[in-house]
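Novice: Before anything else, here's the structure in question.
Quick note: the coordinates plus some simple rules give every number you see, no bench work behind them. What you see is a predicted model; the values in this text were computed from it and never measured. Cβ atoms come from the backbone with ideal geometry, glycine included; neighbour counts cover every protein chain shown.
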Amino acid sequence: MVEVGGRPILWHIMKHLSSYGIKDFIIATGYKSNMIKEYFLNYEPLGNDFTISLGDRESLQIHGEHDESDWTVTVAFTGDSTETGGRVLKASQYLDPDEDFFLTYGDGLANVNIDALKARHRESGKLATLTTIQPTSRFGVLDLDANGEVMSFQEKPRLEGWINIGFMILKPQTLNYFTENCILETGPLSTLARENNLSSYKHSGFWQPMDTLRESKILNDLWDSGARPWLGR
């Protein structure tokens, strides 16, 4: 619920996905779940003008519309201390058992091409596909010779390794790999990888996590500047 440009980061993630036609959302909540419930329960009156007779709550009239009117949002409380994989399993009761489902984290923004991700998932034939990126170093990197003399300087280069940034597609049968309190990465995803049933989609565009105050400022500065690469296509 930490805000970017006055909107929770959850909203920004959902807004990006909705631009690719994903408009049926399940949010697995834990600590302070009520904050998320209240946000979506009050989404209509908070985002629009309204008229109400204070003695008659049923008289509420919402004036105007918004672009999210065709979203369906299920808020599922999955426990205060449940691990990530356990949350997915508990929320899975609301999934269509016959369809692949999309899964991502709630603490980072990216302009992942969802159509390309879907295509990669279909082509791979694997049970699951996750999105990876080569992150940019937070610091400049020096190349030194044997005597410690600086040969060159690279300003925050991309690192060689790849990391998982979420934006995953999973087949329904992957739920058999989950247990009530498993950790997503060290449990189901690791098992799928060992079985050669996990593929990746390489993303080379924008990605920014928001785990610190510094990263929150980066995203809010981008918003304020009008550069919002994570929204839309």
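Novice: Less than 12 Å Cβ to Cβ from L130, Lys/Arg counted +1 and Asp/Glu -1: what total charge do the surrounding residues give?
Specialist: +2
Novice: Nothing charged except the Cβ atoms of Lys and Arg (+1) and of Asp and Glu (-1): what's the magnitude of the dipole of the stretch 3-225 about its Cα centre? Round to the nearest 20 debye.
Specialist: 500 debye
Novice: Using a 7 Å offset from the Cα along the Cα-to-Cβ direction at both E65 and T191, what is the distance between the two label points in nm, to one decimal?
Specialist: In this crude label model, E65 to T191 measures out at 4.5 nm.
Novice: To continue, here is another question. If we count every other residue with Cβ under 12 angstrom of F77's Cβ, Lys/Arg +1 and Asp/Glu -1, where does the sum land?
Specialist: Result for the local shell: +3.
Novice: Along the charge dipole of the stretch 3-225, which of N197, T74, A119 sits closest to the positive end, that is, farthest toward it, with unit charges on the beta carbon of Lys, Arg, Asp and Glu (+1, +1, -1, -1)?
Specialist: The Cα lying farthest towards the positive end belongs to N197.
Novice: Restricting to the chain, compute how many DSSP beta bridges are antiparallel as a %, nearest 5.
Specialist: 65 percent
Novice: Take the Cα radius of gyration of the stretch 3-225 and divide it by 2.2 N^0.38 Å, with N its residue count; two decimals is plenty.
Specialist: Dividing the Cα Rg of the stretch 3-225 by 2.2 N^0.38 Å gives 1.22.
Novice: Could you work out the percent of alpha carbon pairs in the stretch 1-99 separated by over 20 Å, rounded to a whole number?
Specialist: In whole percent, the long-distance tail amounts to 49.
Novice: Relative to the present Cα-Cα distance, how much length would full extension add between Q134 and N176 at 0.36 nm per residue of separation?
Specialist: So the chain would gain 12.1 nm between Q134 and N176.
Novice: Right, next: For the stretch 4-42 and the stretch 159-221, compute the distance between their C-alpha centroids and round to whole Å.
Specialist: Here the answer is 18 Å between Cα centres.
Novice: Using DSSP to define loop residues, name the chymotrypsin sites (Phe, Trp or Tyr not before Pro) in the stretch 1-45 whose beta-carbon has at most 15 other beta-carbon atoms within 10 Å.
Specialist: Sparse-neighbourhood loop chymotrypsin sites (Phe, Trp or Tyr not before Pro): Y31.
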